[in-house]
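Engineer: Starting off with a structure, shown below.
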Amino acid sequence: AQKITQTQPGMFVQEKEAVTLDCTYDTSDPSYGLFWYKQPSSGEMIFLIYQGSYDQQNATEGRYSLNFQKARKSANLVISASQLGDSAMYFCAMREGGNYGQNFVFGPGTRLSVLP
Amino acid sequence: GAVVSQHPSWVICKSGTSVKIECRSLDFQATTMFWYRQFPKQSLMLMATSNEGSKATYEQGVEKDKFLINHASLTLSTLTVTSAHPEDSSFYICSARVGGKDHEQFFGPGTRLTVL
């Protein structure tokens, strides 16, 4: 079974608008971490934002925020005020087992294209 | 964030030869390093987890005799693809984790391997 689901293979957004990239996950472990990474065409993985399963508040990092709905097992990434440089692949990932967990799984990714 | 380097950034080799890829944490000590491979337009797949001074833990389906991992120091892990074949052509990415902190995992820029 898929541990991480990203249902949007591709998304388009107009520059300066906000966009939400969906991510749902599946785990029975009470302790886990959720991550979003950006991968531009150069291939490097750029860490964007992290949410721990016990964190009470939704994580925010600049223009990135994570809409964490624990009961629904979703961790959507919201990018506000999109920029042309945001065009890239975006991967949602999960680590089970808390800080010492080793199992790190990536979703299939969403390709975001920002239109001028 | 911390910096992880990989060398080489790309390599082309003949079928049957072995290729070594280095992953270094430049400004921190990484107790755990991870090796991933990524086929075109696909997500990252974890190959193995490498802990300094001990044998790597391989994911199911990954041949340990083909993908040799050595984590000789807290700042260096190497992946050797032995007797490479065209189907081993892929993008190989390493990541390094600082201590046991969930979100402090940093990725290298990746190595593109092409086997002719």
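The values are calculated or read from the model by the stated rules, or taken from the named source; none is laboratory data. These numbers were taken from a predicted model, which means no experiment stands behind them. Note that each Cβ is placed from the backbone with ideal geometry, even for glycine, and that neighbours are counted across all protein chains shown. In case anyone asks, the SASA skips ligands and DNA or RNA and just uses the protein heavy atoms, side chains included. Shrake-Rupley method; radii C 1.70, N 1.55, O 1.52, S 1.80 Å.
Engineer: Determine whether B:PHE67 is open to solvent by less than 60 Å² (accessible area, probe 1.4 Å) and closer than 28 Å to A:ARG111 by Cα.
Structural biologist: No.
Engineer: Right, another one. Taking only pairs six or more apart or across chains, which ones have beta-carbon atoms under 6 Å, a first residue in region B:100-113 that is more than 8 Å from chain A (Cβ to nearest Cβ), and a second residue that is surrounded by fewer than 24 Cβ atoms within 10 Å (Cβ to Cβ) and modelled with pLDDT under 80?
Structural biologist: Listed by first residue and then by second, the contacts come to B:GLU104/B:VAL98.
Engineer: Separate question: Within the bounds of region A:92-100, is there any residue that is within 14 Å of chain B (Cβ to nearest Cβ), surrounded by fewer than 20 Cβ atoms within 10 Å (Cβ to Cβ) and small (Gly, Ala, Ser)?
Structural biologist: Yes, the conditions are met somewhere in region A:92-100.
Engineer: Looking at B:VAL11, B:VAL62 in this structure, which one is part of a loop (DSSP other than H, G, I, E, B) and modelled with pLDDT of 90 or more?
Structural biologist: Result of the check over B:VAL11, B:VAL62: B:VAL62.
Engineer: Can you tell which of A:SER31, A:SER65, A:SER41 is open to solvent by 70 Å² or more (accessible area, probe 1.4 Å) and touching a residue at least 12 places away in the same chain (Cβ under 8 Å)?
Structural biologist: After ruling out the rest, the residue left standing is A:SER41.
Engineer: Okay, moving on. Got a sec? Which of B:SER9, B:SER54 is surrounded by fewer than 17 Cβ atoms within 10 Å (Cβ to Cβ) and within 12 Å of chain A (Cβ to nearest Cβ)?
Structural biologist: B:SER9
Engineer: Search region B:53-74 for residues that are within 12 Å of B:TRP35 (Cα to Cα) and pair each with any residue that is in a strand (DSSP E or B) and not aliphatic (A, V, I, L, M) when their beta-carbon atoms are under 6 Å apart and the residues are at least 6 apart or on different chains.
Structural biologist: Pairs found: B:ALA56/B:SER50; B:THR57/B:THR49; B:LEU68/B:THR80; B:ILE69/B:SER50; B:ASN70/B:THR78; B:HIS71/B:SER50; B:HIS71/B:SER77.
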